[in-house]
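> To start, I am sharing the structure in question, which I have written as structure tokens.
What follows draws every value from the coordinates through simple rules; no lab data is involved. Keep in mind the model is a prediction, meaning the values are calculated, not measured. In this analysis, Cβ positions are derived from the backbone assuming ideal geometry, glycine residues included, and neighbour counts consider all displayed protein chains.
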Amino acid sequence: MTHTPSSGPYDGNALAGPLSEVFAVEVTTAVARCRGCGRSSAVAELAVYGPEPGLVGRCPGCADVLMRVVRRPGEVWLDLGGISALRFEVPQ
Amino acid sequence: MARAAVPGGLRARRAWRPAVLVERRTETSTASTLVLEVDEWAGHLAGQHVDVRLTSQDGYQAARSYSLAAPADGARLEITVQRVAGGEVSPFLADELAIGDRVEVRGPLGGWFVWRPDDRSPVLLVAGGSGVVPLMAMIRARAGTSRAPFRLVYSVRTPADRIYAAELRRRAAEDGGLDVAYVFTREAPEDSPRPPARIHADDLAAHGWPPDFEPTCYVCGPTPLVEVVAGLLVAAGHEPDRIRTERFGGS
């Protein structure tokens with residue numbers, strides 16, 4: 001990942017578009033619990049690497065890989081193996 | 001707080017839609033504002049972004065995220081693009097995309113790094129470089145819709161690197177309740193009492209809000225700045241859940 005300042009999000013906030021293809025609600029405001037260290041972080045707060053060959057989201061606490069999103073023609077691969085739980089706030 | 005609802009609905013958000021470049025403005029020697037027209041744009045929140053996708057003649061596609069720089073004006077969206085030397089997308093957008101050319105956009109996106117005009121808390125905005133873009137969208141959205149007191153602390157290398165300098169000067173004078181302070185890291189104006197240096201705790205103490213005012217803090221810029229500033233704010237006593245961050249980068 002480059003640290004060159006650019007003009008758009010390059011952390012978990014940047015996962016909003018790719019994840020909008022597979023989730024019915026906004027995912028970047030959901031809270032993910034790391035399977036490794038147990039830390040809870042908003043998906044928006046993940047450290048993100050990519051975008052090629054795919055986006056990798058790492059825990060801001062222990063740097064374990066929490067999720068991977070790979071877009072290929074006609075399909076999306078989503079690996080959530082590093083997350084033990086995702087908590088979404090929904091309307092009452 | 002439920003933060004799932006975003007304008008435009010899900011279908012509109014996830015679809016790639018054609019966008020036409022209708023205007024380009026030079027902001028600094030390396031940053032340009034692009035005005036894109038997207039049919040039936042339903043509006044967006046300050047701080048949200050769009051994904052922009054380019055398709056080359058051989059079918060190769062590249063997509064990047066760009067923060068929206070202003071509230072929507074009907075079908076017109078503004079992004080401000082900082083040219084990254086050697087980047088795959090930003091030099092093309094900043095220099096080569098011609099008026100009338102078409103790209104694709106998806107959005108509005110993101111629900112975390114957003115400010116809503118009905119939030120009356122004081123707001124501290126801390127920007128590094130082009131990280132000022134989504135914060136400028138908040139300042140522009142505030143004008144005429146909110147009296148929430150805003151303070152912007154804007155870290156840049158040199159005076160020439162300030163994006164939106166003239167508008168920020170005007171708004172600091174005309175928009176009641178908006179304060180703007182600069183932190184120069186490499187070269188300061190001659191009349192500046194502060195020697196050039198990276199942002200430090202005294203800058204935030206002098207130009208931010210005390211923690212007991214319970215401001216919402218938005219920090220946007222390159223990763224090192226975001227991490228340093230978020231750490232300084234927590235050390236000063238701000239609640240971590242009142243600090244929202246967005247790291248800028250990529251190409």
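> Evaluate segment B:171-189: report whether one residue or more is assigned to a strand (DSSP E or B) and among the acidic types (Asp, Glu).
yes
> Among A:Val43, A:Val69, A:Val65, which is the only one that is among the β-branched types (Val, Ile, Thr) and over 30 Å from B:Thr80 (Cβ atoms)?
On inspection, the qualifying residue turns out to be A:Val65.
> Do any strands (runs of 3 or more DSSP E) lying entirely in segment A:1-80 carry at least 1 residues that are more than 9 Å from chain B (Cβ to nearest Cβ), among the aromatic types (Phe, Trp, Tyr) and more than 9 Å from the chain's Cα centre (by Cα), and which ones are they?
By residue number, A:47-49, A:75-79.
For every residue, the table says whether it meets (1) in contact with a Pro (Cβ under 9 Å, 6 or more places away or on another chain); (2) farther than 19 Å from B:Val133 by Cα; (3) of a type in the set (Gly, Ala, Ser).
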residue: B:Val180; (1), (2), (3): no, no, no
residue: B:Glu187; (1), (2), (3): yes, yes, no
residue: B:Pro211; (1), (2), (3): no, yes, no
residue: B:Glu214; (1), (2), (3): yes, yes, no
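> Considering only segment B:227-251, how many residues are surrounded by 21 or more Cβ atoms within 10 Å (Cβ to Cβ) and outside any strand (DSSP E or B)?
Here the count works out to 5.
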